[in-house]
Amino acid sequence: MNIQVLPEHKLSSVAPLKQFNVEKKEVELILVKEQNGVQYTNSSVVASPSSRGCTPGSGEDVARETWGKKMDFLLSVIGFAVDLANVWRFPYLCYKNGGGAFLIPYVLFLFIAGMPLFYMELALGQYNREGAATVWKICPVFKGVGYTVIIIALYVGFYYNVIIAWSLYYLFVSLTSELPWLKCNNPWNSPNCTEPQHINGTVLGNRTSYAKRGVLHIHESRGIGDLGLPRWELALCLIVVVFILYFSLWKGVKSSGKVVYVTATMPYIVLLVLLIRGITLPGAMNGIRAYLHIDLKKSQIPTQIFYSLGAGFGVLIAFASYNKFENNCYRDAILTSTINCVTSFFSGFAIFSVLGYMAHQHQVNVKDVATEAGLVFIIYPEAISTLPGSTFFAIVFFIMLLTLGIDSSMGGMEAVITGLSDDFKILKRNRKLFTFIVAFGTFLIALLCITNGGIYVLTLLDKYAAGTSILFGVLIESIGVAWFYGVDRFSEDIERMTGFKPGIYWRLCWKFVSPTFLLFVVIASIVTSGELRYDDYVFPPWSNMVGWFIALSSMLCVPIYAIYKFLILPGTFKERIVYCITPEHEHHMVTEGNVRQFKVRQCIRYKYNYILLIFI
C-alpha cells in the first residue's frame, strides 16, 4: 500500500460557497488504496464527540426553532395531508375508476411510491434541518428542484385559498333558518328552477345550481376571456381566510402548531357525525354499494396518491426541519400516511351515503348525482337541505371544509416561507413582514379566481400549476437523493437520527421502484393531457398555452439552476462537475490532485454516478 499526503498548496481553487463555522473537529485517518492502478482516498472531517448527533452544516442549526410538542408536528402533517381532496376528489375518483377495484392499485402504489417518498422527505428535512431549497446542500446541482416545489406551493395557494373562501361563504349563508338554495325566488335563479319539495321525480339538474349562479355567477361570464370584476362577498371571505393564515403563521411553528389542534381534529368529528346521519337515510346503502362496487375494467393508475399525501410540495421537508434531530421520522411517516389514506377511504362512506339518499330522492341512479365538480358545493349541500335540522348539518359540514382547507393552506404557505427564509437570511430576520407579503400576494392573484369567470381561472391553475409539474418535481427529487447523494449515505443519515438503518425494501423503492414509477406517470400525464374543459365549456387554445407556461415556469428551475451553478463555479470542467454533485460538507475532500480518485471512492462506496465517473 502506498501512502500519499497531499500538500496544502494542492488544495483546489474550488472552495465551498460558504465557510464552515470554526469548531473542534476530529480528522479521520486518511486511507489511500490502489486498485487496478488507480489510487483513491477515504477521509473526512467529523465533529468532536461533544457535538455529534448534530446535522452536517453550520452551527446555526443549534438555534433553529423546534415544535413545542411532538403532537404539534404530527397534527400539522396530518392536517396538511388530509385536505379538501380527501372528501372532494378521492371518493369521486374511487367511484369513477372501479370502486373497490381502485383500492387495489391505490394501496399498491401507496406502498411502492407514496409511503417511500413521504418517508424520504421527512428524513431529508429532519436530518438537514433546512427548507426545500437549502436542503440540497447534499447535492448542490439539484437546488433548482427546491425552487420548483416552492413555486408550485405558491401557485397552489393562489387558487386553493379561493376554495376555502367558498366554504366560508357557504358557512355564513347557512347561518339562517332557511338555507338560500332551497327556494326559487332569488334574483340569480333561472326560469327553469324547481324547488326540492316539488321535484316529484323530475330529472336531476333541472334546478339551477346555487353554487354556479348564486356564488360564482358563471352565467354572467362568456368564458376565461370574460372575467369581470371580483365578487365583493367572496373578496371579503378571501380577506378573512388570508388573515387567518397570516396570524397562524407569523410566529412560526410555535403558533401554527397550536392552530392545528382545532383544524386537524375537527374534520374527524364532523365526518363521524355526517356518517352516522348518512347511513340512516333511505337509499344510503345504494350509495355505499356504488362507492365500493368493483369494476376492474375502469381501474386506472391512482396518481391521486401523490396529491393526497402531499409529497413534492416542500411542506413535509419544511415541517420535518423543525423536528428534534433524534425524532423517529420512520414511525411518523408510517403513522401519518396511513391516517391520511384511511381518512380518504372513510370519507367516501360519509359522502356516498348522502349521495345514495340524494339519488333516492330524485329517483335516479347514483351516477347521475356523483360528479366531481358538484360533489361538495352542489349536490351535498342540496342533499343536506332536505334533512330535518338542515341548518345544523350545513353549518357543521362547511366548518369541516373550512378546517380541512385552512391547515392544508397553512402547510403550503409554510413551505414557501421556510424554503425562502432558509435561503435568504434577511427574510428569516423579518419573518412577520415576509409572511404578510406572501399572504397578501396570494390574495391579489386569487382575486382573478373570484370574478364572474373566476372558475375558469381556478380550473386552469388546478390543471397546470400542480399537475405534471409536481410529479416532475418528485421524480427529480427522488433521483437526486437516491442516485446522486446515494441511498447508502442517505440510509446512514437516517441511522444517525433514529439509531437504525432503513430496510432493504425502502432502499430498493427509493433507488429503483419509485423513480421508475414516477417517470412512467410523468410521461403518461404529458401524453394523455387532452383539451381543458369545465362542464360543457371548452377552453380556447391560448389558455392551454398559458397553462403549460405556468407548468414550465416551475419545472424549468431544475435545468436553469443546474446550468447557472455549473457556469459560476471556478476551476476545471471536472472540478465543476464534482463540486456540483458533492455534498457541501465533503467539499474539503475535492482537490486538484484527486478529482478522479475522489469519484472512484464515491463510486465504490456509494455505487452511484457511473455515467459521470466514465465521463470524467
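Numbers for the structure displayed
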quantity	calculated
Greater than 29 Å apart at Cα, pairs in K258/K565; K137/K251; K428/K463; K70/K425	K258/K565; K428/K463
Karplus-derived 3J(HN,Hα), 6.51/-1.76/1.60, for each residue of the stretch 253-264, Hz, glycine and proline x	5, 5, 8, 5, x, 8, 4, 5, 4, 9, 5, 8
q = 0.08, 0.12 Å⁻¹, the stretch 70-568: log10 I(q)/I(0) [Debye, one scatterer per Cα]	-0.48, -1.10
Residue order for T148, T391 - accessible surface, 1.4 angstrom probe, largest first	T391, T148
Vicinal HN-Hα couplings computed from phi for the stretch 105-113 (Karplus, 6.51 cos²θ - 1.76 cosθ + 1.60; Hz; Gly/Pro x)	x, 4, 5, 4, 6, 4, 7, 9, 9
Restricting the stretch 414-466 to chymotrypsin sites (Phe, Trp or Tyr not before Pro) in coil, as DSSP defines it, with at most 16 other Cβ within 10 Å	F424
Whole-number accessible area per residue in Å² for the stretch 70-568, which is evaluated in the context of all protein chains at 1.4 Å	37 Å²
Linear extension gain, H219 paired with K324, 0.36 nm per residue minus alpha-carbon span	32.5 nm
Added length on full extension, which subtracts the Cα-Cα distance from 0.36 nm per residue, T572 to I504	20.7 nm
Computed label-point distance, nm, for sites T516 and D295 using a 7 Å Cα→Cβ extension	3.1 nm
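The values are calculated or read from the model by the stated rules, or taken from the named source; none is laboratory data. Bear in mind the structure is a predicted one, so any value in this text is a computation, not a measurement. Note: ideal-geometry Cβ built from the backbone for every residue, glycine included; neighbour counts use all protein chains shown. Ligands, DNA and RNA are excluded from the accessible area calculation, which covers all protein heavy atoms including side chains. Shrake-Rupley method; radii C 1.70, N 1.55, O 1.52, S 1.80 Å.
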